[in-house]
Every structure is written in structure tokens, then in C-alpha cells.
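Read through the structure below, which is laid out as C-alpha cells, and then see the notes.
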Amino acid sequence: MGALLLDSLLDIRIGEAVFGMIIVEAPWAFRIRPGNYATLYAMIAGSATLAFDPATSRALEQGSVVSIVSGREHTLSHADGDVSRATELFDQLGPVEPDPTPRAGCDTIVAARVPIGSNPLPDVLAETIYVPPAQRAVAGRLDAVLRMAGQYHGAPASIREPVSRRIAEILAIELTEFSLNESGSGLASRINDPRIRRTVALLRVHPERPWTLVRLAEEACMSRSAFAARFREVVGRPPMAYLQSLRMERASDLVRDTSIPLYEIANRVGYASDTAFSKAFQREFAQSPVRYRKAAIAS
């Protein structure tokens, strides 16, 4: 997901999110229009082919999960499906059955579509994350979470919204940690401690939270001193310094690539005021966010 995981799964506008299931008889083909949203698919039964264009395709096996968060147009199809006659997938989703009965000649897919915003994880996540059936623990958890989301989709808003936010958080952390674990270079290759790896994933998913060293240590189930020492050993810098770099990384993307007001960007990256945010941004980039944005527009 070299694009947009955080806002796609956490700054989620519940009313616009879609979770559901489709049971379709082969051969079939669906087109997913380009747009400002991320998509996730879990192959419950059967198989499919995911393609961005005729030269770029991937086979999705039963039990696999795939996430695309760039908003890029793509197709899902049966091996014999006619892509030229593809219909829109998200117009045809129905409720998720708790335990769907396999149907002969049919494929079953649980799908999700959620809004996307900025690009907080360019150094860790690829455009597409594929979790194969062999990764049973991760694929199974993602499958279960997507099914749960689909089952709550028709619930009253007072129930659906808080549940959906927790579901979004779980999806984001699971996919981020999986990507960190799978990556073979850079920071990810150094994070061989599962407690630190999961803490890094949590910070990347939630840089806006009022983290303290004590809270992070509690998340890692470690003492403060042991956590601080281990984090620095593994990541190469203290936890709060790493968090600061994440916040500025995300802030620079939002300032450069969006027209979001600075006070809102400040809130999204964990600052109580736009004044405090502007001072931190100035220290990091040697120019104010206003000048940074003007320079990006002019370039």
C-alpha cells in the first residue's frame, strides 16, 4: 500500500464505508472503478484473478486476503470471465453470512471499500498487500475481521460506528505489522522483536494519539526502562523521537498533497494547536507549513 493506509482504515467515514459478501456463479467478472477509497478482499470459496491491466495480474487462492489502497482501477474475475463485460462489484454486495454454505460452481468473496486520505506509510507498504493462505494466522484473522464488519453493516449507527472503528483499527494494525514482517530491507529487516514490531505498527497507524513512554511500554507489556532500551536497540532511535519523525512524515504529505487546513493537519498528527504544530514543522523542515505548501503548489 505505498498509498494511504491510515486514512483509508482509521479516518473512516462510516456512512461511506461498504462491507459485504458476494456469492457468484462462474464465469464472472467485476470492475472496480478508480476512486478515493481502499479495497480489501477475502476469498472465502473458489478463486479469482486480480488485474490492474492485461499485463499485471495475480491469482487469488481460496483463503487468501488482498488489500489495494491506492484507489487504482482494477478487475476481479473468474478464470473464464469476460473482463470486457465486467460489472461493478460494490453495487452487488449483500450481507455477510456468518457461515456461508459453499455452492457448487460458485465463488464467494467478502469485500470492503473505505475512504482514503493521505500517504503515511510510503517506506513500508506496497500498493498491494497480498496475504496468502499459507499465512494462516494473519489471513484467518483478516478474514474473520472482514466477516464481522459485514455482519454489522446493517446494524443501527449507534452500534455500527464504534464497532466499525475498532474493526478498521484491527485491519490497519494487522496489515501494517504483516508488511513490516514481510519486508526484506530497511527498518523492517531490523525489527525482529515482535513486541517492538507491533509497537511500530501501532505508532504508524495512530501517530496522532497522545503517546508517552509509559503508555508505549504498557502496549508492549514491558517496563518503561526495558522498553526504551529495546526500542532504541532495534529501531535505532528513542521511541518519542521515532514518533516525532512519523508525525512530521505524515504532516509533510498532508501539507504538500492536500488542501486540508493546517489546524486539522495539526490534529491529525497529534498536536493540540496549529501553533505548536507550526513550530515543530519549522524545526523539522526549516520552513513553515504555509511556505512549504506554497512551494509545493508552485513546483
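The values are calculated or read from the model by the stated rules, or taken from the named source; none is laboratory data. What you see is a predicted model, and the numbers here were worked out from it, not measured in a lab. Counting neighbours? That spans all protein chains shown, and the Cβs are built from the backbone with ideal geometry, glycine included. For the accessible areas, the whole protein counts, side chains as well, though only heavy atoms, and no ligand, DNA or RNA atoms are used. Shrake-Rupley method; radii C 1.70, N 1.55, O 1.52, S 1.80 Å.
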May I ask for the net charge around Gln282, where only other residues with Cβ less than 15 Å from the Cβ of Gln282 are counted and Lys, Arg are +1 while Asp, Glu are -1? +4
FRET E, pair Arg256, Thr56, Förster distance 22 Å, beta-carbon r, rounded to 0.05: 0.20
Heavy-atom accessible area order for Asp143, Asp80, largest first, 1.4 Å probe: Asp80, Asp143
Total charge of the residues flanking Thr101 in space, meaning their Cβ is under 15 Å from its Cβ, with Lys and Arg +1 and Asp and Glu -1, is -2
